[in-house]
Structures are given as C-alpha cells and as structure tokens.
Amino acid sequence: MKQDRINRLMVKYAAKGKMVVRLKGGDPFVFGRGGEEAAYLTKFGIPFHIIPGVTAGIAAPAYAGIPVTHREFGNSFAVVTGHQMNGKKEVNWAHLAAAVDTIVVYMGMKHLPDICQELMKNGRSGGTMAAIIEQGTTLNQRVVTAPLSGLVEEAEKYAISNPAIIVVGDVVKCRELLLKEVVAAAY
C-alpha cells in the first residue's frame, strides 16, 4: 500500500472514533516513516502514541552474532539507507566510509554493487569484513559474510534478496568467534 493511502486510512478511521494501530517491525522512526505518519496525524488533530521497537539495524546483526559495536573491532556505527528516492544519491559515501567503524545499511540490496564500490572508492578497504542478513530474526534468516570486495559475488551465489540488512565493518569478525563459542559450549 502506498504511504499516502496509509496516512489517509489512519485519519479516516481515527476520525470515526476507531482505535487505529499502525504496527511496524522494528523502530517506527528508523526508516519506518513513523515521523511522516506522526506529522500527518498531527496535521489533522489526531492524537497518537508511539511505542518504539528495536530497530532491525541492531536486532538483525545481534541475532546473527554480530554486535554493531565491540571494544576490539568497532566503537562507532552509523545507520543509513541504501534506497534512493527518485534516483538521487542521498548518502555521502565519501564521508561515511571514513567516519565510523561499522556501517549498517537498510534497503541496500538493489544498490549493493554501487554501495560496495562507493565505500571502497572512498577509502574503506576491500578486505573489510561485511555481512548481509536476509530476513533477520526470523526462521528464514540467512547470513552471508565476505570481505567487502567479494560481498556482491557472495550475495549472488546464494541469491540473497530483500528484506536484508548489510553490515560493513570488522565487527562482522565477531560472528565467527561467537559461533565457535556457541558450538564449543554445546559439547
């Protein structure tokens, strides 16, 4: 459903005195258009409550054994969109490549080759570990890891698609370390 229709339906039913629940996965204010929806409701005088969830950019990596920060591998992270409105470049990859240790990209599968290329062109080493987490925190979750320079090929090899979160940074090394610990503890 298009966003403008969702907005109109929320106002329509709320104006009739109905209790409207707009349920979103994750945090409604992290690429969830919750801010746009809240502004629209405010414009029509509709009261609302926001109950935040855990954003997919933190939850999916954690569930996959990848902390977005770790004292040995990365002390900072950024969350960005890989989706571009009307074809315009919205992310300053040159700035981002050097600004933080870990980069978490939402909605980036369509532009994965461009994202990887831009990060490497702007100073992120092709040897930096990266992961793609498809359908994070669900029974259908799949995770691929590879150096940034080989991430596109790895995604193609396993036909990884949306919904997916891309994680770029040395914290991805934690997945292997944590999985070894889990397997060792099971025996």
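The values are calculated or read from the model by the stated rules, or taken from the named source; none is laboratory data. Just so it is clear, the model here is predicted, and its values are computed rather than measured. Note that we place each Cβ from the backbone using ideal geometry, even for glycine, and neighbour counts take in every protein chain shown.
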Quiz item: If you check His83, His49, which single one turns out to be touching a Lys or Arg at 6+ places or on another chain (Cβ under 8 Å) and either closer than 15 Å to Ile166 by Cβ or not assigned by TED's automatic domain parsing to the domain that holds Gln117 (or both)?
Solution: His83
Quiz item: Being buried (at least 16 other Cβ atoms within 10 Å of the Cβ), part of a helix (DSSP H, G or I) and touching a strand residue (DSSP E or B) at 6+ places or on another chain (Cβ under 8 Å), is that true of even one residue in the range 65-78?
Solution: no
Quiz prompt | Within the range 81-94, tally of residues that are touching a strand residue (DSSP E or B) at 6+ places or on another chain (Cβ under 8 Å) and either modelled with pLDDT of 95 or more or part of a loop (DSSP other than H, G, I, E, B) (or both) | solution = 4
Quiz item: Looking at Thr145, is it closer than 19 Å to Tyr106 by Cα and modelled with pLDDT under 95?
Solution: no
Exercise. Would you confirm whether any residue within the range 131-144 is in a loop (DSSP other than H, G, I, E, B), closer than 18 Å to Tyr63 by Cβ and not polar (S, T, N, Q)?
Key: yes
Practice problem: State whether the residues of the range 168-187 include one that is part of a loop (DSSP other than H, G, I, E, B), more than 15 Å from the chain's Cα centre (by Cα) and not assigned by TED's automatic domain parsing to the domain that holds Tyr63. | Solution: yes
Self-check item: Those residues of the range 145-167 which are free of Cβ contacts under 8 Å to residues at least 40 places away in the same chain, within 15 Å of Cys116 (Cα to Cα) and not in a strand (DSSP E or B), in sequence order
Solution: Leu148, Ser149, Gly150, Leu151, Glu153, Glu154, Glu156
Quiz item: Quick one: in the range 102-127, which of the residues that are buried (at least 20 other Cβ atoms within 10 Å of the Cβ) and of a type outside the set (A, V, I, L, M) is nearest to the chain's Cα centre (by Cα)?
Solution: Tyr106
